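Trainee: A single structure is presented below for examination.
The values are calculated or read from the model by the stated rules, or taken from the named source; none is laboratory data. Since the structure is predicted, the reported quantities are computational estimates derived from the model, not experimental observations. Because the Cβ atoms are built from the backbone with ideal geometry, glycine has one as well, and the counts that use them run over all protein chains shown.
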Amino acid sequence: MIYELRQYIPMPGKAEALSRRFRDSTLALFHKLGFKVVDFWETTDGSGELWYLMEWPTEAAMKSAWDGFKTNPDWVATKKVTEADGPLVQNIQSYPLRRAAYFKP
């Protein structure tokens, strides 16, 4: 089991539109595709950054799932509509993680 911590930095002035896309479309598509979202956060500093944690069986499964997501017709259509006035995301970072063997929750 691995985890993936993802960070989204919105384009200036696009934080609300990015949150709306996740709320109204992206999270439902993740569920439909079997993506396991463990938790989801917004920063408290007003920057509009979004962070979320995904759970994957392996890094290969993670890569394959994201490759499929990028070409999924529902995602392509959603992205086209929500970015009609320009991109919503300035930068995305992905951090694959594994639990430290010495940590017991």
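Trainee: So, of the residues in segment 30-70 that are without any contact (Cβ under 8 Å) to a residue 24 or more places away in the chain and among the hydroxyl-bearing types (Ser, Thr, Tyr), which turns out to be farthest from residue 3 (Cα to Cα)?
Mentor: 44
Trainee: Taking only segment 36-66 into account, find how many residues are loosely packed, with under 12 Cβ neighbours inside 10 Å, farther than 15 Å from residue 97 by Cβ and of a type in the set (A, V, I, L, M).
Mentor: The total comes to 1.
Trainee: Between a residue in segment 84-104 that is among the charged types (D, E, K, R) and part of a loop (DSSP other than H, G, I, E, B) and any residue that is surrounded by 10 or more Cβ atoms within 10 Å (Cβ to Cβ) and modelled with pLDDT of 95 or more, which pairs come within a Cβ distance under 9 Å, given they are 6 or more apart or on different chains?
Mentor: 85/14; 85/17; 98/2; 98/3; 99/2; 99/3
Trainee: Would you point out which residue out of 5, 27, 18 is surrounded by 15 or more Cβ atoms within 10 Å (Cβ to Cβ), in contact (Cβ under 8 Å) with a residue 60 or more places away in the chain, within 14 Å of the chain's Cα centre (by Cα) and outside any strand (DSSP E or B)?
Mentor: Going through 5, 27, 18 in turn, just one is surrounded by 15 or more Cβ atoms within 10 Å (Cβ to Cβ), in contact (Cβ under 8 Å) with a residue 60 or more places away in the chain, within 14 Å of the chain's Cα centre (by Cα) and outside any strand (DSSP E or B): 18.
Trainee: With the requirement that a residue be in contact with a Ser or Thr (Cβ under 9 Å, 6 or more places away or on another chain) and closer than 13 Å to residue 79 by Cα, what does segment 7-23 give you?
Mentor: 17, 18, 20, 21 - these are the residues of segment 7-23 that are in contact with a Ser or Thr (Cβ under 9 Å, 6 or more places away or on another chain) and closer than 13 Å to residue 79 by Cα.
Trainee: Output the residue which, of all residues in segment 46-83 that are part of a loop (DSSP other than H, G, I, E, B) and under 14 Å from residue 16 (Cα atoms), is nearest to the chain's Cα centre (by Cα).
Mentor: 49
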